[in-house]
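Student: This is the structure I want to talk about, given as C-alpha cells.
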Amino acid sequence: MSCVIKCVATIHNKVMLNVNNYEFMLNKQITRKRDNTKVYYWICSKKCGVTFRTIVVNNEHIKDNSCILKEHSHGPDPIKTECKKIKENIKKAAKDHKDPHKIYQEQISGAPLIISSQITKNMSKLLIKRQRKGKLTEPCSLRDLNLPPELRKTLSGQEFYIKDIGSDTDKIIILSTIENLRYLSESQFWLADGTFKSCPGLFKQIYTIHGNIKKGNGTICVPLVFSLMVKQTENAYRTMFLELNNFALENDIHLTRNFNLEIITDFEKAAINAINYVFPSAFHSACFFHFSQNIYRHIQKEGLATKYIEDFNFNLLCRHLPALAFLPITKVIEGWEKIKPLFSNDDREQKLLEYFESTYIGKPFMRLRGQTRKPPMFSSELWSVAASVEVELPRTVTLLNHGTVA
C-alpha cells in the first residue's frame, strides 16, 4: 500500500503524522542496532490498534521498509485533516503581522464550504492572537533561566517560587506557598514521588509532595510542593527536604512536629534515606504498587513470565509474595516461611525467592544464640500496608500524576 505522509504540528507544538488521512501519534523512538538508524513508532490517534514506523531521510519522515500498514477499524477523516492544514497555515501567516481579517480571507479562499464552515473568523482571530502573544521560550541552559515576576506568583498573588538552590549541575527549584506548607504541616500523610513526563527539558524530574486537606465533611489529597531537580542523589534529596523545612521554619511552620505523620514514597533508596534523615520522627512507608511491580519485574527477569500467565497455580503462588504486605509486621517472617516451601526447586524460581528474601525479608544466618536474619535492603516496616489499611491511609503513590490516590 502506497503511503502519503504529512507531518502536522499540534497546538502544543508536538508532531503528529498524517498517513493517508489517518492521524498517528508518536509512541516512542529507538535506535535500531543492525543499521544504527533512528526508528519512530507511531500509533493511531483513535487507538484502533494500528501502528506505523518511519525513519527520517533528508529531514522528512518516510515509511520504514519493514513496516506493514494494516487496515484501520474506522474510516479516515479528510475533512478534519484539511481543517488542521488551514489552521496551521493561519498560525504561520500570523508571524507576518498582517491584518487578521486578511489572513483569514487568504487562507479560507478556495476551500470547500464544508471546510470553511468549520473555521470561523473568531476561531482564526484566536489562533492569530495566541501566536502573537509572545510565548516565553525554554532557555538553552539553567544559567539562562530567569522567570519573570508574574510567573513567580499564584493567581491569588501568593509567592510560589520559594527556593532556588545550587548551580547548573545540581540546581533545585522549590515551588510552593506559605499556605500550602501550613496544609502540609497539618496533613495526616504525605505522598512523595517524582515524575519525568511533564518535566522541563533542563531538569531530570519534578518531585511532588501531596497532602490531605479538609473539604466539607471529608478530606481531599492535593499537590502542595513541587521541586524541579537536576539530580536524583541522596544528597540532592536531602538538600531539597532541608531547604523546604528551613523555609517553613522561617515562616513559623513546623513540619517536623507532626509525630503521627506518615510519608509514603516509592522504593527509591536515595529519597528514603533523605526523608529519614530530615524527618526522623515520621513513619515512612513504601508504595504497594511499586512493591508488586518490583516482584513482577523479577518474575520477568528470571524468565518466568510465560509460566506466570499460563500456569494458574504458579500465578496464584507468586501473588502470595506481595500479599505478605497485608500481614501485621510481626507475622511477615512466619508468612514468608510458609510460602517459600511451596515453590519448586526450579533454578529460576529459587533465584526469584533469593531476590525476595535478600531484598525484603533478610537472609538467615547462624549466631551463637541461634539463627537470625540479616537486615534486608527494605524492611517489612517500610513495605507492610497492614497499618495503613487499618486506619484507611493510602497504600500507593502511583496515581499521583492522575490526581487521585489509592
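Student: For residues that are under 28 Å from the mean Cα position of the chain (by Cα) and of a type outside the set (S, T, N, Q), tally how many sit in the range 46-70. Spell out the reasoning first.
Tutor: Step one: list which residues in the range 46-70 are under 28 Å from the mean Cα position of the chain (by Cα), which gives 46-55.
Subsequent filtering for residues that are of a type outside the set (S, T, N, Q) retains 46-50, 52-53, 55.
Matching residues across the range 46-70 total 8.
Student: Can Ile55 be described as in the same structural domain as Asp35 (by TED's automatic domain parsing) and in contact with a Ser or Thr (Cβ under 8 Å, 6 or more places away or on another chain)? Steps first, please.
Tutor: Details: in the same structural domain as Asp35 (by TED's automatic domain parsing): yes; in contact with a Ser or Thr (Cβ under 8 Å, 6 or more places away or on another chain): yes.
Yes, satisfied.
Student: Can you name every residue in the range 224-235 that is surrounded by 16 or more Cβ atoms within 10 Å (Cβ to Cβ) and either within 26 Å of Gln158 (Cα to Cα) or touching an Asp or Glu at 6+ places or on another chain (Cβ under 8 Å) (or both)? Break it down stepwise before answering.
Tutor: Just the residues of the range 224-235 that are surrounded by 16 or more Cβ atoms within 10 Å (Cβ to Cβ), to begin with: 224-231, 234.
Answer for the range 224-235, where residues must be surrounded by 16 or more Cβ atoms within 10 Å (Cβ to Cβ) and either within 26 Å of Gln158 (Cα to Cα) or touching an Asp or Glu at 6+ places or on another chain (Cβ under 8 Å) (or both): Leu224, Val225, Phe226, Ser227, Leu228, Met229, Val230, Lys231.
Student: What are the residues in the range 209-223 that are surrounded by fewer than 21 Cβ atoms within 10 Å (Cβ to Cβ) and of a type in the set (S, T, N, Q), if any?
Tutor: Across the range 209-223, the qualifying residues are Asn217, Thr219.
Student: OK, next. Do any strands (runs of 3 or more DSSP E) lying entirely in the range 1-108 carry at least 2 residues that are aromatic (Phe, Trp, Tyr), and which ones are they? Before you say what the answer is, go through the steps one by one.
Tutor: Working: elements: 5-9, 15-19, 22-32, 37-44, 51-57, 60-63.
Per the criteria, 22-32, 37-44.
Student: Among residues belonging to the range 151-182 that are assigned to a loop (DSSP other than H, G, I, E, B) and modelled with pLDDT of 95 or more, point out the one that is surrounded by the most Cβ atoms within 10 Å (Cβ to Cβ). Walk me through it before giving the result.
Tutor: Taking the range 151-182 first, the residues assigned to a loop (DSSP other than H, G, I, E, B) are 152, 154-158, 160, 166-171, 176-177.
Okay, now just the ones that are also modelled with pLDDT of 95 or more, so 176-177.
Working: Ser176: 25, Thr177: 18.
Top of the filtered list is Ser176.
Student: Hey, among the residues in the range 236-257 that are β-branched (Val, Ile, Thr) and more than 23 Å from Asp168 (Cβ to Cβ), which one's surrounded by the most Cβ atoms within 10 Å (Cβ to Cβ)? Walk me through how you get there before you give the answer.
Tutor: Keep residues of the range 236-257 that are β-branched (Val, Ile, Thr), which gives 239, 253, 256.
If we keep only those that are more than 23 Å from Asp168 (Cβ to Cβ) too, we end up with 253, 256.
On the way: Ile253: 19, Thr256: 15.
Result: Ile253.
Student: It is to be established whether one or more residues within the range 28-38 are within 17 Å of Val4 (Cα to Cα) and in contact (Cβ under 8 Å) with a residue 12 or more places away in the chain.
Tutor: Taking the range 28-38 and keeping what is within 17 Å of Val4 (Cα to Cα), we get none.
Within the range 28-38, not a single residue is within 17 Å of Val4 (Cα to Cα) and in contact (Cβ under 8 Å) with a residue 12 or more places away in the chain.
Student: Which residue pairs have Cβ atoms closer than 7 Å, lie 6 or more positions apart in sequence or on different chains, and pair a first residue in the range 345-365 that is touching a residue at least 60 places away in the same chain (Cβ under 8 Å) with a second residue that is of a type in the set (Val, Ile, Thr) and in a helix (DSSP H, G or I)?
Tutor: These pairs meet every condition: Phe356/Ile295.
The values are calculated or read from the model by the stated rules, or taken from the named source; none is laboratory data. Model, not experiment: these values are computed from the prediction. We place every Cβ from the backbone using ideal geometry, glycine too, and count neighbours over all the protein chains shown.
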